[in-house]
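Every number in this text was worked out from the coordinates using simple rules, so none of it is lab data. Being a predicted model, the structure only gives us computed values, none of them experimental. Positions of Cβ are generated from backbone atoms using ideal geometry, with glycine treated the same way; all protein chains shown enter the neighbour counts.
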Amino acid sequence: MTALDVDRRLIGIAAVVPDPARTELQELREKAGDPDAGRVPPHVTFVPPLSVAVADLPAVHSRLDAVAAAHQPFELRLAGPGTFAPVSAVVFAQVSAGISQCEQLEADLCVGVLDHASTFPYHPHVTVAHDVGQAELDSAYSALMGYQARFDIDRFVMFEQEPDGAWRPRRAFRLGPAGR
């Protein structure tokens, strides 16, 4: 581990898709040959990968506690495929309900210690194929035609990337005034 590794962590904040949708979307990602299929669980990102100082982790946790307490659980629905092509070779399951709640969570989280420069505007989604060839992207898109899922989001999770590239959950933050 380098000195930078000791002093910093790569984190992300997301809502994990629960079963049975989690298993369904995981299988689609594996079938597409996505290299992250085994390292990244199906999720809706609120804060993309962000390098933070270890010394700032208490402030991060405090921010996450405050935001979670200020938001209520909500229903999220997925319906059909989407893509970021031609800008980015990604196929995803589209969020069709719960969009405004995701956008508000993202906006409330991405301030202060979690503020970061965004390359693209925020668009809630669940990635199914990324870093694969066009045939695999097309197949994943077709596999999502008619796909629908509905589930409740009652928490978000702070993930940390491990040296092997896998993202591991570090702490969950329950939505609503009751908190964790």
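Give me THR127, THR119, THR23 ranked fewest to most by other Cβ atoms within 10 Å of their Cβ, as a rough exposure proxy. Each step should come with its number before you reach the end.
Working: THR127 22, THR119 8, THR23 12.
Least to most surrounded, the residues fall as THR119, THR23, THR127.
Tell me, how many Å apart are the Cα centres for the stretch 10-28 and for the stretch 108-158?
So the separation of the two Cα centres works out to 10 Å.
Would you list LEU50, LEU76 from fewest to most Cβ contacts within 10 Å?
Least crowded to most crowded, the residues run LEU50, LEU76.
Looking at the chain, do any whole DSSP H helices span at least 18 angstrom along their long axis by alpha carbon and average 0.0 or above on Kyte-Doolittle, and which?
Qualifying helices, which must be both long enough and hydrophobic enough, are 57-70.
Let me see the P(r) profile for the chain: every Cα-Cα distance counted, bins of 10 Å, each bin given as a percent of all pairs.
With a bin width of 10 Å, the distribution comes to 10, 37, 37, 16, 2.
Could you work out how far apart the two model spin labels at ALA89 and SER142 are, taking each label as a point 7 Å from the Cα in the direction of the beta carbon, and quote it in nm?
1.8 nm
So what is the relative contact order for the chain, in percent, with contacts set as C-alpha pairs under 8 Å and at least six apart?
Across the chain, relative contact order equals 32 percent.
Sorted from fewest to most neighbouring beta carbons within 10 Å, what does the list ILE11, ILE99 look like?
ILE99, ILE11
For n ≥ 4 DSSP H runs only, could you compute -39500 (n - 2.57) per run for the chain, divide by its residues and tell me the 222 nm figure to the nearest 500?
Helix-only estimate at 222 nm: -8500 deg cm²/dmol.
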